[in-house]
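Structure in structure tokens, see below.
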Amino acid sequence: MYTTMIREANIADKIPILKFCKDTFSWGDYIEQVWDHWLSEGNLLLFEKQSPIGICHAFFSTGQLWIEGIRIDPIFRRQKIASKLVKFAESIGQQKDILFSFMLIDIENSSSLLMANSLDYSISQTWNFYSLLPQKNSNHNVSFENSLNIQKYPHYVKSWRWLPIDDSILSSFYENDKIIKSNMDGKISIAILTDSEHFDKTLIVTLFSGSQNSSSQIISYLQNYAIENKYERIQILTKEQLSIFNSLEHKISFHLMKKTLS
């Protein structure tokens, strides 16, 4: 009989894990690009049954746990291995007095949604991912925000993690002009700009859209900003549905799942 265990991943685990991660999606997978970064952060959890057959990364920030990168060898699916990994991550969070746990799931991924529901996660919000190509565009009317209401904008996206905003982070954003505002006809849109930690020359934008007009102003600014700062791609995450124009393209929608840890 095989013994099973959950442990921290190490350098030697990379090759066997990537063998079953390469075809996760129709376009492949991103685990190879983030593996070294996650390994250095710690809490890259691995499920072993004689050999590695599942992983999950747990990232801890102020008051919350972010769960990402759940991957199970197809041969061993439907054995609740993902659930065991998530529960293990939650147990670490409880030891750290973490209040909430989050994960992001494609709205069409019914099996992962069922798994999350079985573990008492519920849909907190639904977000949309848009890609945007950089290009010269001087037709925009924006300003830099320096008094953001954290109660209204509690999270921002950094490397595809929804992280809490605090005063220290806000100060950094203000100093570096990373919060953009557009006010058109009294409708305000806000965008928070961050660099991807895993993919070169990628700008990640958390967009809170007040109207199509004000969002369009920000999008035009982003295209020009990306050209001037030599970004090759722009990724926009927003709860709203945006009007498609220029090179703006809707890619996928996700549920932000949340659980209160007791």
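Laboratory data are not the source of any read-out in this text; all were calculated from the coordinates shown. What you are looking at is a predicted structure, and each value in this text was computed from that prediction instead of being measured. Note that we place each Cβ from the backbone using ideal geometry, even for glycine, and neighbour counts take in every protein chain shown.
Mind checking the dipole of the stretch 1-105: about its Cα centre, +1 per Lys or Arg Cβ, -1 per Asp or Glu Cβ, Debye to the nearest 20? Could you put the intermediate results ahead of the total?
Numbers: 12 positive and 12 negative charges, 93 e Å.
Computed charge dipole of the stretch 1-105: roughly 440 debye.
With r as the distance between the Cβ atoms of Glu41 and Arg77 and R0 = 35 Å, compute the FRET efficiency 1/(1 + (r/R0)^6) and round to 0.05.
Taking R0 as 35 Å, the efficiency between Arg77 and Glu41 is 0.85.
Here's a follow-up. Scan the chain and report its longest stretch carrying no GluC sites (Glu not before Pro) that are both in a DSSP loop and have at most 15 other Cβ atoms within 10 Å. Don't skip to the answer; put the middle values down first.
Values: sites that count: Glu108, Glu197, Glu232, Glu240.
Value returned for the longest uninterrupted segment is 1-107.
Taking only C-alpha pairs under 8 Å that are 6+ residues apart, what is the relative contact order of the stretch 129-257 in percent?
On the way: 244 pairs, mean separation 47.6, N = 129.
Reported as a whole number, the value is 37 percent.
Most fluctuating residue of Leu99, Leu45, Leu65 in a GNM of the chain with Cα springs under 10 Å: which is it?
Most flexible of the set in this elastic network: Leu99.
Report the extension gain between Lys84 and Leu119 in nm, rounded to one decimal, defined as 0.36 nm multiplied by the number of residues separating them, less their alpha carbon distance. Intermediate values should be presented prior to the final figure.
Working: separation 35, 0.36 × 35 = 12.60 nm, distance 1.00 nm.
Stretched fully, the Lys84-Leu119 segment lengthens by 11.6 nm.
Near Ala226, within a Cβ-to-Cβ distance under 12 Å, what is the net charge of the other residues, with Lys and Arg +1 and Asp and Glu -1? All intermediate terms of the calculation are to be shown ahead of the outcome.
Details: positive: Lys136, Lys201, Lys230, Arg233; negative: Asp195, Glu228, Glu232.
Net charge in that neighbourhood comes out at +1.
Further question on the same structure: Per 0.36 nm of contour for each residue apart, how much would the distance between Lys187 and Asn141 grow if the chain were fully extended, relative to their Cα-Cα spacing? Present the calculation step by step, with values, prior to reporting the outcome.
On the way: separation 46, 0.36 × 46 = 16.56 nm, distance 1.30 nm.
Computed gain between Lys187 and Asn141 is 15.3 nm.
May I ask you to derive the relative contact order of the chain, considering only C-alpha pairs under 8 Å and at least 6 residues apart, and to give it as an integer percent? Don't skip to the end; give the middle numbers.
Working: 496 pairs, mean separation 57.2, N = 262.
Contact order relative to length: 22 percent.
Gln95 label point, 7 Å along Cα→Cβ, cut-off 17 Å on backbone N: hits in the stretch 42-57?
Counting only backbone N, you get 42-47, 56-57.
Let me ask another. Quick one: go through the stretch 104-131 and flag any residue whose amide nitrogen is under 15 Å from the point 7 Å out along the Cα-to-Cβ line of Ile244.
The answer is 129-131, whose backbone nitrogens lie closer than 15 Å to the label point.
May I ask you to derive the FRET efficiency for Tyr153 and Thr4 from their Cβ-Cβ distance with R0 = 51 Å, giving the value to the nearest 0.05? Kindly include the intermediate steps, with their values, before the conclusion.
Values: r = 42 Å, r/R0 = 0.83.
The computed FRET efficiency comes out at 0.75.
Go ahead and set up a Gaussian network model of the chain, Cα springs under 10 Å, then flag whichever of Ser159, Ser243, Ser101 fluctuates most.
Evaluated over the chain, the most mobile residue of the options is Ser243.
Arranged from highest to lowest average of other beta-carbon atoms within 10 Å per residue, in what order do the peptides 114-124, 134-144 appear?
Values: 114-124: 15.2, 134-144: 13.5.
My ranking of the peptides, most packed first, is 114-124, 134-144.
Right, something else. Please compute the net charge surrounding Ser122, taking Lys and Arg as +1 and Asp and Glu as -1 over other residues with Cβ under 14 Å from its Cβ. Intermediate results must be reported in sequence, preceding the final value.
On the way: positive: Lys258, Lys259; negative: Asp120.
Once all neighbours under 14 Å are counted, the net charge is +1.
While we're here: State, as an integer percentage, the relative contact order of the stretch 1-146 based on alpha-carbon contacts under 8 Å between residues 6 or more apart. Please list the in-between numbers first.
Values: 162 pairs, mean separation 26.3, N = 146.
Reported as a whole number, the value is 18 percent.
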